[in-house]
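The next block holds one structure in the form of structure tokens; read it before the comments.
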Amino acid sequence: MGGFLNLQGKRTLITGGTQGAGAATVALFRELGATVLTTARSRTATLPAEMFVAADLTTVQGCQVVAGAVQDRLGGVDIIVHMLGGSSAPGGGFAALGEAEWQAELNLNLMPAVRLDRALLPGMVAQGSGVVIHVTSIQRLLPLPEATTGYAAAKAALSVYSKSLSKEVAPKGVRVLRVAPGWIETEASVRLAERLAEEAGTDTEGGKQIIMQALGGIPLGRPSTPAEIANLIAFLGSDRAGSITGTEYVIDGGTVPTA
Ligand SMILES: NC(=O)c1ccc[n+]([C@@H]2O[C@H](COP(=O)([O-])OP(=O)(O)OC[C@H]3O[C@@H](n4cnc5c(N)ncnc54)[C@H](OP(=O)(O)O)[C@@H]3O)[C@@H](O)[C@H]2O)c1
């Protein structure tokens with residue numbers, strides 16, 4: 001606290017905050033003085049109960065529970081970080097994606113943000129300030145057809161939704177931004193690297209190389225860390241970024257090959 005970045009007193013909701021980039025963002029926001037409320041389906045032991053609300057955000061009801069907790073416990077909100085996202089779609093290209101898989105992608109990657117914003121933005125507009133950060137993915141620019149067509153399309157929808165929202169509420173004092181990570185070295189992706197390594201008869205480092213090759217290579221030679229994603233989000237959420245709105249920040253070690 002007291003350094004370059006300060007989030008003192010910022011009432012913050014961070015979704016998907018128990019693992020990966022979400023957990024790193026929760027930790028950094030707390031360190032920088034924010035009052036954080038986070039959510040996932042289940043709490044981890046290290047998170048104090050008073051800063052956690054359990055909900056399945058793929059449902060309308062789960063979003064209502066979280067929006068209610070924001071009002072009850074924080075008395076309003078200054079920063080929302082929509083970290084929740086992911087995919088469990090099967091491989092096999094478009095033919096493997098049926099109605100249920102498509103609906104699941106939209107329910108996890110688009111609708112939680114839409115529903116929570118609909119509930120919480122009026123309060124930000126009324127107070128004349130706020131920041132909303134949607135975490136998308138470089139896959140919205142660089143889709144991988146084997147298993148993530150639905151995920152990439154849902155993230156693209158989230159990105160366009162975010163842009164539209166930013167135009168509407170910027171004149172009312174609310175900034176709306178996107179962060180598009182490339183591969184993040186989360187616990188889950190290390191487990192994936194280990195699985196791929198085992199299948200290919202190599203070590204974890206070899207498994208990481210397989211993931212990087214699938215992405216077309218990472219010029220920096222490594223994934224981002226969860227903490228690096230958190231650093232960008234903390235800056236964008238802070239008053240230091242006061243004139244930044246409506247833009248998408250790629251953080252991918254150079255993975256996206258075009259400008
Ligand atoms: N990891 C990557 O390489 C990568 C790359 C590009 C973009 N991204 C994006 O970055 C963001 C963070 O990804 P991550 O990999 O760091 O996440 P992660 O490690 O998979 O963590 C997911 C978090 O969301 C919660 N969650 C999952 N399903 C939920 C549900 N139905 N309702 C409420 N909470 C739920 C999880 O807790 P519970 O399981 O207890 O609910 C957990 O806290 C996502 O938007 C992702 O799409 C990730």
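For the chain, what does the convex hull of the Cα positions come to per residue, in cubic angstrom?
Values: hull volume 34.3 nm³, N = 259.
Spread over its residues, the Cα hull of the chain gives 132 Å³ apiece.
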For this session: Output the Cα-based Rg and Dmax of region 105-252 in Å, rounding Rg to one decimal and Dmax to a whole number.
Result: 17.3, 58
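Would you please classify the overall shape of region 21-81 from the alpha carbon gyration tensor, given that a ≥ b ≥ c denote the square roots of the eigenvalues, rounded means a/c under 1.5, and beyond that prolate means a/b larger than b/c while oblate covers the rest?
Details: a/c = 1.76, a/b = 1.28, b/c = 1.37.
Cα axes put region 21-81 in the oblate bin.
Near Val135, within a Cβ-to-Cβ distance under 10 Å, what is the net charge of the other residues, with Lys and Arg +1 and Asp and Glu -1? The partial results should precede the final answer.
Values: positive: Lys155, Arg178; negative: none.
Residues near Val135 contribute +2 overall.
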For this session: Taking only Cα atoms and a 10 Å spring cutoff, compute GNM fluctuations for the chain and point out the largest among Ala241, Ala154, Ala27.
Result: Ala241
Problem set entry | Extreme residue, positive dipole direction of the chain, given options Ala34, Ala193, Ala100 (C-beta unit charges) | Ala34
Seminar exercise, completed: Result row for the chain, helices from DSSP H with C-alpha axial extent 18 Å or more and mean Kyte hydropathy at least 0.5, is 111-127
Problem set entry | Under-5 Å amide H pairs with Val179, H placed in peptide plane, nonlocal only | His134, Val135, Thr136, Tyr249
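Send over the per residue convex hull volume for region 12-118, Cα only, as a whole number of Å³.
Values: hull volume 11.0 nm³, N = 107.
Hull volume normalised by residue count: 103 Å³.
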For this session: Binning at 10 Å from 0, report for region 73-149 what percent of all alpha-carbon pair distances ends up in each bin.
Result: 17, 40, 24, 15, 4
Exercise. For the chain, what is the accessible area per residue in Å² when the probe is 1.4 Å?
Worked result: 46
Exercise. Which percent of the accessible heavy-atom area of the chain goes to carbon and sulfur, probe 1.4 angstrom?
Worked result: 55
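Out of all DSSP beta bridges in the chain, what portion is antiparallel? Express it as a percent rounded to 5.
Values: 0 of 26 bridges.
Roughly 0 percent of the DSSP beta bridges within the chain come out antiparallel.
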Exercise. Ignoring ligands and nucleic acids, what accessible area does Leu165 show with a 1.4 Å probe (Å², nearest 10)?
Worked result: 20
Problem set entry | Cα centre as origin, Lys/Arg/Asp/Glu Cβ charges: region 1-106 dipole, Debye | 360
For this session: Express in nm, to one decimal, how much length is gained between Ala170 and Asn107 on full extension, taking 0.36 nm for each residue of separation and deducting their alpha carbon distance.
Result: 20.0 nm
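Rank these residues by their accessible area, most exposed first, probe 1.4 Å: Asp56, Asp203.
Values: Asp56 65, Asp203 90 Å².
Solvent-accessible surface, decreasing: Asp203, Asp56.
The values are calculated or read from the model by the stated rules, or taken from the named source; none is laboratory data. Source: prediction; values computed, not measured. All Cβ positions, even for glycine, are placed from backbone atoms using ideal geometry, and neighbour counts span all protein chains on display. For accessibility, only protein heavy atoms count, side chains too; no ligands or nucleic acids. Shrake-Rupley method; radii C 1.70, N 1.55, O 1.52, S 1.80 Å.
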